[in-house]
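The values are calculated or read from the model by the stated rules, or taken from the named source; none is laboratory data. Small disclaimer: the values here were computed from a predicted structure and weren't measured. Ideal geometry is used to build each Cβ from the backbone, glycine not excepted, and the neighbour counts take in all protein chains shown. Side chains are part of the model used for accessible areas, which takes the heavy atoms of the whole protein and leaves out ligands, DNA and RNA. Shrake-Rupley method; radii C 1.70, N 1.55, O 1.52, S 1.80 Å.
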Amino acid sequence: MTISILCGGSGTRLFPLSRELMPKQFANILPQNQDVSHSLFQETLLRNTFLTKSHNAKFQVITNDNHYFIAQEQAQKCDITLQDFILESYGKNTAPALTFAALCVLESYNLSKIADDIILALPSDHLIKNTQSYQDSINQAIELAQKGFLVTFGIKPDSPHTGYGYIKSKNHIVEKFIEKPSLEDAQAYLKAGDYLWNSGMFCFRAEVFLKELKEHSPEIYELCKLTLEASKPKVSSPFLRLDSTMSEKLPNISVDYALMEKSQKVACVAGDFAWNDVGSFESLSLEYPTDEAHNASKNAFVGRDCENNFILADKQVVGIGLKDLMIIDENDCLLVAKKGYSQQVKDIVAVLKKQNPELTKVHRSAHRPWGSYTILLESENYKIKQIIVKPKGRLSLQKHHHRNEHWIVVSGSAIVTIGEKESFLKANQSTYIPMGEVHRLENPGILPLVLIEVQMGEYLGEDDIVRLSDDYKRS
């Protein structure tokens with residue numbers, strides 16, 4: 001079988017913790033007071049490894065083109081091998097994503113590359129506890145999928161939640177899907193007892209899924225087939241990068257709308273495990289231990305007359321008379337919101353994206369396939385970064401139109417290419433790269449290379465990079 005992990009979301013409701021290039025499924029948003037701390041994506045991988053033994057399952061990851069190396073690196077830290085990637089140029093919701101997953105799985109099945117065409121499709125940003133109950137639900141769903149059902153997972157509600165869709169089912173058969181309800185309706189659903197939260201998890205045979213999709217949403221089926229044909233690489237590759245021109249034409253629609261609400265073959269498994277979709281700061285706060293002041297600050301919080309606040313900060317926070325607030329502090333952005341308004345954070349991000357697009361895109365510390373960088377200081381005409389290059393890693397061969405750069409090696413060793421000249425630098429040595437000059441940075445050693453970069457120029461945005469050659473096949 002194939003475990004298809006959906007990693008396409010941007011997590012705008014958890015800004016500023018979540019950004020476009022480091023969304024919530026990969027970001028460090030969970031409590032750090034444990035011996036080992038994982039991202040939501042890593043948690044998703046780890047709780048499903050049991051299927052690699054019991055059902056000879058393999059992982060398939062559907063994610064944005066920019067997140068391929070992050071997913072690879074985080075999986076490696078968990079000693080998990082990711083066999084297949086489908087890389088999206090545009091996030092077009094779950095219907096196209098799962099169609100691509102099914103088309104690829106069915107092709108592998110027909111070529112006898114996998115044992116069966118069962119797909120377990122899972123969001124990458126959920127937290128699930130009660131492992132045994134979860135595994136029992138998965139095995140139950142697999143049995144139903146083998147009988148030809150499109151299986152969805154419902155979660156037994158413990159409160160009248162208005163932020164989730166609901167499923168009404170009886171004896172595993174889905175009677176109807178319901179949009180996010182009013183509080184009055186949600187209270188009635190909880191009292192009725194036969195309504196479940198819609199988890200967004202699915203299990204089905206690829207062949208059945210595609211046959212039903214062809215019947216109920218043929219335009220999506222045909223567009224995805226054409227996109228897949230236009231995307232197939234000419235040489236063997238560990239990933240399938242979807243054609244950007246074709247992908248832009250795909251409809252942005254969920255699989256619930258496109259198929260599940262129309263098909264007569266939908267079954268439901270009621271999950272009796274602790275489940276959190278971590279879709280807002282209210283839901284994230286449930287994962288943090290709180291003290292009497294109801295705060296979960298990463299650092300100390302000192303307050304007077306404060307109650308029912310959720311505070312995440314790396315620095316000392318002092319509060320007076322604070323009540324029912326969410327205070328989320330990142331080093332480049334501070335969010336202050338009243339509890340109950342976290343669903344509107346995504347609306348603020350839309351405004352910020354026009355005023356300060358770089359802020360919504362990337363943290364001050366950013367991961368790259370070759371390592372990472374952290375912005376230490378910046379002004380209108382200069383920017384100072386710390387750059388860390390992994391052993392044997394190297395940046396793209398590139399140039400800049402609007403800035404000059406000074407590099408100072410702090411530790412490790414560097415091979416620097418400037419124009420036709422190549423030089424070797426060690427700690428306390430430096431070099432200068434003029435504007436427009438082709439250059440490259442490489443770490444030839446077995447230890448990380450740490451370097452300070454000073455940029456000077458009229459424009460210092462990250463998009464002022466012209467890549468001439470790149471080991472990681474980035475545009």
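When the pairs LYS53/LYS390; LYS58/LYS339; LYS383/LYS473; LYS249/LYS399 are compared against a 30 Å limit on Cα-Cα distance, LYS53/LYS390; LYS58/LYS339; LYS249/LYS399 fall above it. Across the protein chains, with a 1.4 Å probe defining accessible surface, the residues GLU358, GLU207 rank GLU207, GLU358 from largest area downward.
Looking at region 404-475, the chymotrypsin sites (Phe, Trp or Tyr not before Pro) that sit in a DSSP loop and have at most 16 other Cβ atoms within 10 Å of their own Cβ are TYR459, TYR472. Helical runs assigned H by DSSP (4 residues or longer) give the chain a calculated mean residue ellipticity at 222 nm of -7000 deg cm²/dmol, each run adding -39500 (n - 2.57) before division by the residue total.
About its Cα centre, the dipole of the chain is roughly 660 debye, where the only charges are +1 on Lys and Arg Cβ and -1 on Asp and Glu Cβ. Quote the Stokes-Einstein diffusion coefficient, in whole µm² s⁻¹, for region 240-395, based on the Kirkwood radius over alpha carbon pairs, a temperature of 4 °C and a viscosity of 1.567 mPa s. Answer, rounded: 64 µm²/s. Using a probe radius of 1.4 angstrom, the carbon and sulfur fraction of the accessible surface of the chain is 49%.
Per residue, the chain exposes 48 Å² of accessible surface when a 1.4 Å probe is rolled over the protein heavy atoms with every protein chain present. Each principal axis of the Cα cloud of region 337-475 was taken in turn, and the coordinate range along them, longest first, works out to 56, 32, 29 Å. In a simple Cβ point-charge model (Lys, Arg +1; Asp, Glu -1; nothing else charged), region 47-102 has a dipole of about 240 debye relative to its Cα centre.
Here the Kirkwood formula, the inverse mean of 1/r across different C-alpha pairs, assigns the chain a hydrodynamic radius of 24.5 Å.
GLU282 sits among other residues whose Cβ lies under 13 Å from its own Cβ, and their net charge, with Lys and Arg +1 and Asp and Glu -1, is 0. The gain in end-to-end length when the ILE465 to GLN264 segment is fully stretched comes to 67.2 nm, 0.36 nm per residue minus the alpha carbon separation. Accessible area ranking (1.4 Å probe, heavy atoms, ligands and nucleic acids excluded), largest first, for LYS232, LYS354: LYS354, LYS232. Ordered by solvent-accessible area of protein heavy atoms (1.4 Å probe), largest first, the residues GLU405, GLU179, GLU107 come out as GLU179, GLU107, GLU405. Rolling a 1.4 Å probe over the protein chains gives PHE15 an accessible area of about 10 Å². Sequence-ordered 3J(HN,Hα) estimates for region 363-373 from the Karplus curve with 6.51, -1.76 and 1.60 and θ = phi - 60° stand at 6, 4, 9, 10, 8, 10, x, 8, x, 7, 9 Hz, glycine and proline given as x. How many angstrom separate the Cα center of region 213-228 from the Cα center of region 358-388? So the separation of the two Cα centres works out to 41 Å. Its Cα gyration tensor gives region 412-475 an equivalent ellipsoid, and the semi-axes of that ellipsoid, as √(5λ) in whole Å with the largest first, are 20, 16, 13. When a/c is below 1.5 the answer is rounded, else prolate if a/b is larger than b/c, else oblate, so apply that to region 1-145 with a ≥ b ≥ c taken from the square roots of the Cα gyration tensor eigenvalues. Note, shape of region 1-145 comes out oblate.
Summing charges over all other residues whose Cβ lies under 13 Å from the Cβ of SER372, with Lys and Arg as +1 and Asp and Glu as -1, gives +2.
When all alpha carbon pairs of region 357-418 are counted in 10 Å bins from zero, the resulting P(r) reads 16, 52, 30, 2 %.
Restricted to Cα atoms, region 67-152 shows a radius of gyration and a Dmax of 14.7, 37 angstrom.
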